[in-house]
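Student: Here it is, the structure in full.
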Amino acid sequence: MIRRHELSDAEWEFVRPLLPASLRGRKRLDDRTVLHGIVWKFRTGVAWRDVPGRYGPWATLHTRFRRWALDGTFERTLQAAQAEADAAGNIDWLVSVDSTAVRAHQHAAGARVAPDVRLTFDDRT
């Protein structure tokens, strides 16, 4: 049974070869279980310590996440997924930015300036 925040078998088969192999001698927690825990953490927005125990110790999840983030695993996975989707014609690369949604912070306007510091049109060069 696939849980709500877990990868399907097809998704796992896509991701599995992109994950780095363990070069250490000790047997480690299964990558699929760890990846499910990392995905669960970010989809729910909880702290690392609040990830359910079925995904393994939270420290293991955090360590593996940091390692994969630092060595570029997530970037490689994203690039591979984008390349596959682009080859299938499933990505529209058109991007539109609506400037009406860009707002300044409330402290950005109305700053007090000393009267002798204000510039006039004649002072600008």
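The values are calculated or read from the model by the stated rules, or taken from the named source; none is laboratory data. Owing to the predicted nature of the structure, the values given are computational and were not obtained by experimental measurement. When we count neighbours, we look across all protein chains shown, and the Cβ atoms used for this are built from the backbone with ideal geometry, even at glycine. When the accessible area is computed, the model is the full protein with side chains, heavy atoms only, and any ligands, DNA or RNA have been set aside. Shrake-Rupley method; radii C 1.70, N 1.55, O 1.52, S 1.80 Å.
Student: List every residue pair whose Cβ atoms sit under 9 Å apart, with the two residues 6 or more apart in sequence or on different chains, where the first one lies in region 22-46 and is on the phi < 0 side of the Ramachandran plot and polar (S, T, N, Q) and the second, anywhere, is in a helix (DSSP H, G or I) and open to solvent by 40 Å² or more (accessible area, probe 1.4 Å).
Tutor: 33/54; 44/50
Student: Right, something else. Just name the residue that is least open to solvent (accessible area, probe 1.4 Å) out of those in region 54-83 that are among the charged types (D, E, K, R) and closer than 14 Å to residue 32 by Cβ.
Tutor: Step one: list which residues in region 54-83 are among the charged types (D, E, K, R), which gives 54, 64, 66-67, 71, 75-76.
Keeping just the survivors that are closer than 14 Å to residue 32 by Cβ gives 54, 64.
On the way: 54: 117, 64: 11 Å².
Out of the qualifying residues, it is 64.
Student: Checking residue 49 against (1) open to solvent by 80 Å² or more (accessible area, probe 1.4 Å); (2) modelled with pLDDT under 95: exactly one of these is not met. Which one?
Tutor: (2)
Student: To continue, here is another question. Can you work out which of the residues in region 1-15 that are charged (D, E, K, R) and under 17 Å from residue 56 (Cβ atoms) is surrounded by the most Cβ atoms within 10 Å (Cβ to Cβ)? It would help to see each step written out before you state the result.
Tutor: So the first thing to find is which residues in region 1-15 are charged (D, E, K, R), and the list is 3-4, 6, 9, 11, 13.
Now narrow it down to the ones that are under 17 Å from residue 56 (Cβ atoms): 3, 6.
Working: 3: 10, 6: 18.
Among residues in region 1-15 that are charged (D, E, K, R) and under 17 Å from residue 56 (Cβ atoms), the one surrounded by the most Cβ atoms within 10 Å (Cβ to Cβ) is 6.
Student: Examine region 16-29 for a residue that is surrounded by 14 or more Cβ atoms within 10 Å (Cβ to Cβ) and within 24 Å of residue 84 (Cβ to Cβ), and state whether such a residue exists. Even if it seems obvious, please write down each step before you answer.
Tutor: The initial filter retains those residues of region 16-29 that are surrounded by 14 or more Cβ atoms within 10 Å (Cβ to Cβ), namely 18-19, 29.
Then drop every residue that is not within 24 Å of residue 84 (Cβ to Cβ), which leaves 18-19.
Yes: region 16-29 contains one or more residues that are surrounded by 14 or more Cβ atoms within 10 Å (Cβ to Cβ) and within 24 Å of residue 84 (Cβ to Cβ).
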